[in-house]
1. For the stretch 42-60, what are the residues that are out of contact with any Gly (no Cβ under 7 Å at 6 or more places or on another chain), more than 25 Å from Ser198 (Cβ to Cβ) and either open to solvent by 50 Å² or more (accessible area, probe 1.4 Å) or in contact (Cβ under 8 Å) with a residue 40 or more places away in the chain (or both)?
2. Does the stretch 160-174 contain any residue that is open to solvent by 10 Å² or more (accessible area, probe 1.4 Å), at pLDDT 90 or above and away from the ligand (no atom under 16 Å from the Cβ)?
3. Any residue in the stretch 104-127 that is closer than 13 Å to Val184 by Cβ sitting within a Cβ distance under 8 Å of a residue that is polar (S, T, N, Q) and within 14 Å of the ligand (Cβ to nearest atom)? List the pairs, counting only those 6 or more apart or interchain.
4. Hey, among Ala109, Ala97, which residue is more than 13 Å from the ligand (Cβ to nearest atom) and either open to solvent by less than 10 Å² (accessible area, probe 1.4 Å) or at pLDDT 85 or above (or both)?
5. If the requirement is being open to solvent by 70 Å² or more (accessible area, probe 1.4 Å) and in contact (Cβ under 8 Å) with a residue 60 or more places away in the chain, which of these qualifies: Leu3, Leu30, Leu19?
6. Taking only the stretch 116-154 into account, find how many residues are crowded, with 19+ Cβ neighbours inside 10 Å and either within 10 Å of the ligand (Cβ to nearest atom) or not small (Gly, Ala, Ser) (or both).
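The values are calculated or read from the model by the stated rules, or taken from the named source; none is laboratory data. Model, not experiment: these values are computed from the prediction. Heads up, the Cβs are rebuilt from the backbone with ideal geometry, glycines too, and the neighbour counts pull from every protein chain shown. In case anyone asks, the SASA skips ligands and DNA or RNA and just uses the protein heavy atoms, side chains included. Shrake-Rupley method; radii C 1.70, N 1.55, O 1.52, S 1.80 Å.
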Amino acid sequence: MLLTGIALAAFVSTMAGGLLALRLRDQLHLILGFSAGAVIGVAFFDLLPEAVNFGFKFRSPSEIMSFTAIGFLFYLVLDRISLFHGDAAPRGSVGAAVLCCHSLLDGVAIGLAFQASRAVGIIVTIAVLTHDFSDGINTMSVVLKNRGDRSVAFRWLVLDAVAPVLGIAATLLFTLPGGGFGIVLALFAGFFLYIGASDLIPESYHAHPKFLTTAMTVAGAAVLYLAIRCIG
Ligand SMILES: [Zn+2]
């Protein structure tokens with residue numbers, strides 16, 4: 001019952017963020033700037049600490065962090081292969097797909113945390129719900145920026161909003177070993193750092209090298225920090 005409510009809240013929060021981004025499309029460079037900071041904020045303030053928390057019984061923090069480097073470099077190679085040459089749309093779809101996989105794992109993290117204990121479950125839930133809104137914004141940003149149209153972006157948004165619900169539901173059927181899950185979170189931290197630093201940051205600044213764009217990126221990271229640290 002509690003999990004059903006959380007799943008619904010995750011869906012609504014993600015959709016709200018994405019629809020806001022779609023509405024403010026004229027200010028896309030500011031949304032992209034915020035998104036860049038938010039993606040990097042999720043990696044530093046949420047995914048990496050969670051990776052260490054889930055994995056520390058099995059591996060040292062330095063081992064877990066090395067999976068972040070692997071994730072970063074893996075995404076770099078994926079980004080450079082000919083798949084993306086000449087056409088931006090596949091790049092947007094791959095970025096959106098990574099965000100959807102992340103949202104699926106957000107749901108899995110909530111379910112696993114509740115398997116550990118109710119208290120841990122509530123902490124992880126708050127961390128996820130507070131950044132789901134920006135997950136929605138980020139999904140829209142990555143598709144729109146790579147010349148995807150509204151309907152394509154909207155389809156990815158719905159998928160991203162449904163993903164945490166599926167993730168929570170999945171944990172009712174099986175249990176994941178904590179060590180393995182820590183590694184997956186660390187890999188995703190690497191993907192997010194790459195998407196933020198090599199895609200969203202340059203793209204937001206490229207056409208609009210304005211002070212405000214930079215301020216939005218710093219604000220994006222700061223909002224995520226406050227959301228995850230102070231509330232979570
Ligand atoms: Zn998320």
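1. Listed by number, the residues that qualify are Asn53, Phe56.
2. yes
3. Pairs that qualify, where the first residue is closer than 13 Å to Val184 by Cβ and the partner is polar (S, T, N, Q) and within 14 Å of the ligand (Cβ to nearest atom): there are none.
4. Ala97
5. Residue meeting the stated conditions: Leu19.
6. 21
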